[in-house]
Amino acid sequence: MLRELMIENFALIDQLHLEFGPGFNILTGETGAGKSIIIDTVSLLLGGRSSWEQIRAGAETARIEGVFELTERPELDHLLADWGIPVGDDRLLVISREIKKSGRSRCRMNGQTVTVLTLNEVGRLLMDIHGQHEHQSLFSAVSQREILDRFGGERLKEEAARVAELYSRWQEIKKELASLEMDEAEEKRRVELFSFQLQEIEAAQLQPDEEEELSRERDLLAGAERLYACVSEAYHRFYGMDDGGAILDQLGAGVEALTKAAEIDPQLRPWVETTTRITCEVEEVAREIRAYRDQITFDPERLNQVEERLDEIAKLKRKYGQSIPAILDYAAKLRRELASLSDRTERQQELARQLAAVETELGRAAQTLSALRRETADRLETAVMQQLHEVNMGKTIFRVALNRTPDLRNGLKLDGEQVAVGKDGVDQVEFMVAPNPGEGLRPLAKIASGGELSRLMLVLKVILAEADQIPAMVFDEIDTGIGGRTAQAVAEKLLLLGCTHQVICVTHLPQIASLAHHHYYIEKKTQAGRTTIEVRALDQEERVEELARMLGGAEVTATTREHAREMLQLAATLRSEKSRT
């Protein structure tokens, strides 16, 4: 249950500290006093969506903190343990949330920072909030199915999870199979294209370094005449001049002269050795130049062959890759694609077998889930009818219809029919109502008034709270569209719910307010040009005044006060009776 609520700089609230009690808690006040703002803060603590616009004008941060007293619930305890949130022997859980104008929101549980998703997961096990317009969700087929499944308990939940898992697998296999089941002509076209491309690449017999080698050879062949002329001139100057002007002739003469000089001065002998060695080396270079010149060939035919081969490589590069290694990689990819296409039929057959097996299993699971839902629907109908009787709708007939939608294209075959299937199974859940005797059953969305919807939602909340073991519930103006005897019946239902749960309720009806265990009054005040909201717990005399206001409007008279006292006395008697039942 929610024991304490602290609010700071939220909407019109400057600072507020509320202590709620067990049982039935009521919030009342003038229209527009800000009662729903309190509910909004509780919603935020439980993971609701926040906005910087909720921050009080002039403040940078809004802060909300709630102290919850936890009941013994294994699911909640395991969840908190999994997220490493400590819970002491006092079984208290302190949840805080800060909203900043920067748009960031900070959440903590018992001092540990958590995400909004964590708040939401924990919050759904702490409290159930019924907002002002939530009864409209009863019109949704999805909401109606969720209500039915929640009422079905763990067994139905497990079977629904199994159907969802099988459906997901079924869809995956169908998707893969569809990707393989291409048109035969398209498959043939791809095989022909890939085969042609691979044949063209393989016929070229490319080598990884071939292009670079051919480019070098082409440069040599294309420059053969000029190369021959340059090399011939070099040889001629080193060795081949007949007039004695060759470099070797000059070096020889120089060595001979230096040798004669060394006979006179022996110090010159190292020079003689050096010049002799140089002369020998130049003579060796000259011989190698001549050998290189003699092997230079003028081969226009070979040059043409090289040019053609380089052109062939260039064409393949334009079609299949920017380099020979890239072309060879593409060829390897083509081989894999062709192998995959050849294995496609075998894979299709395997997937078809898997699909049939999963489809059979999904069909059985969907049938089991449908049977569980039908059994659960019968129990829900009985529970709702009983509860409707207690809120002055005893003549109303409530039924849960389970329908299936034909789907000849993508459906699942069940009982000789091809029906639509999804992750939630094959059932379309629809709540049917006949509010008055003699009227046929019609969909809820087409027949219920606002007051009837509010009471039906209350009934479902009571039933689900018992099924889900939710310890606390919040109702924001559950009294929409009701009054008189119906209001008294709803009030008694809320009181009865408060005997086993904590109930926090915003109401405008004195019948409901009079039965509360704890009554809080909300009022809007203006001081120094600023509007604030204040909340205080009412004692017995203050409750008389508030109920008198709710009964008589702006003018409170002795008669309305006396009526209010009488209502509180009757309420005390009724509370005593309900607490013993």
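Rule-based calculations on the coordinates, nothing more; no lab input. Remember, it's a predicted structure, so these values are computed and weren't measured experimentally. Don't worry about glycine lacking a Cβ; one is built from the backbone with ideal geometry, like all the others, and counts go over all protein chains shown.
For segment 431-581, a simple Cβ point-charge model (Lys and Arg +1, Asp and Glu -1, everything else neutral) yields a dipole of about 220 debye relative to the Cα centre. Each peptide among 92-104, 25-37 gets the average number of other Cβ atoms lying within 10 Å of its residues, and from highest to lowest they stand as 25-37, 92-104. Each of GLN387, ASN403, LEU460 was scored by the projection of its Cα onto the charge dipole of segment 326-466, and the greatest displacement toward the positive side belongs to ASN403; charges sit on the C-beta of Lys, Arg, Asp and Glu.
The charge dipole of the chain, taken about its Cα centre with unit charges on the Cβ of Lys, Arg, Asp and Glu (plus for the first two, minus for the last two), comes to roughly 3140 debye.
Under 5 Å between amide hydrogens, built in the peptide plane, is the criterion, and for GLU417 it picks out nothing among residues at least 5 positions away or on other chains. The fewest-to-most ranking of MET567, MET6 by surrounding Cβ atoms within 10 Å reads MET6, MET567. So how tilted is helix 450-468 from the main axis of the chain? Cα-based, degrees 0 to 90, rounded to 10. Result, in degrees: 70. From its DSSP helices (H runs of at least four residues, each -39,500 (n - 2.57)), the chain gives a residue-normalised ellipticity at 222 nm of -19500 deg cm²/dmol.
Counted residue by residue at 0.36 nm each, then reduced by the alpha carbon distance between them, the extension gain from LEU338 to ARG374 reaches 7.7 nm. Farthest toward the positive end of the dipole of the chain, out of LEU166, LEU496, GLN197, is the Cα of LEU496, where the dipole comes from beta carbon charges about the Cα centre.
About the centre of its Cα atoms, segment 459-513 shows a dipole size close to 140 debye [charges on the beta carbon of Lys, Arg (+1) and Asp, Glu (-1) only; nearest 20 debye]. Have a look at ILE147, LEU355, ILE26 and report the one farthest towards the positive end of the charge dipole of the chain, computed about the Cα centre with Cβ charges (Lys/Arg +1, Asp/Glu -1). Positive-end residue among those listed: ILE26. Per-residue Cβ neighbour counts within 10 Å put HIS17, HIS236 in the sequence HIS17, HIS236, beginning with the fewest.
Specify which labelled value, from [x] 68; [y] 63; [z] 44, agrees with percent of Cα pairs over 32 Å apart derived from the coordinates of the model shown. After the calculation, the listed value that fits is [x].
How high is the FRET efficiency between ILE264 and ASP219 when r is their beta carbon distance and R₀ equals 45 Å, given to the nearest 0.05? Calculated transfer efficiency: 0.25. Among THR486, THR276, the order by Cβ neighbours within 10 angstrom, fewest to most, reads THR276, THR486.
Of all lysines in the structure, the ones whose alpha carbon falls short of 30 Å from that of LYS157, not counting any fewer than 8 places away in one chain, are LYS174, LYS175, LYS413, LYS423, LYS446, LYS461, LYS493. If I fit a long axis through the Cα atoms of helix 247-264 and take the longest principal axis of the Cα atoms of the chain, what angle between them do I get, 0 to 90°, rounded to 10? Computed tilt is about 70 degrees.
Taking packing as the residue-averaged number of other Cβ atoms within 10 angstrom, the listed peptides 359-367, 434-442, 469-477 run from highest to lowest as 469-477, 359-367, 434-442. As a test, work out the antiparallel percent of DSSP beta bridges whose residues both lie in segment 409-564, rounded to the nearest 5. Given both bridge residues lie in segment 409-564, the antiparallel proportion sits at roughly 75 percent. Helix 324-390 axis versus longest C-alpha principal axis of the chain: approximately 0°, rounded to the nearest ten.
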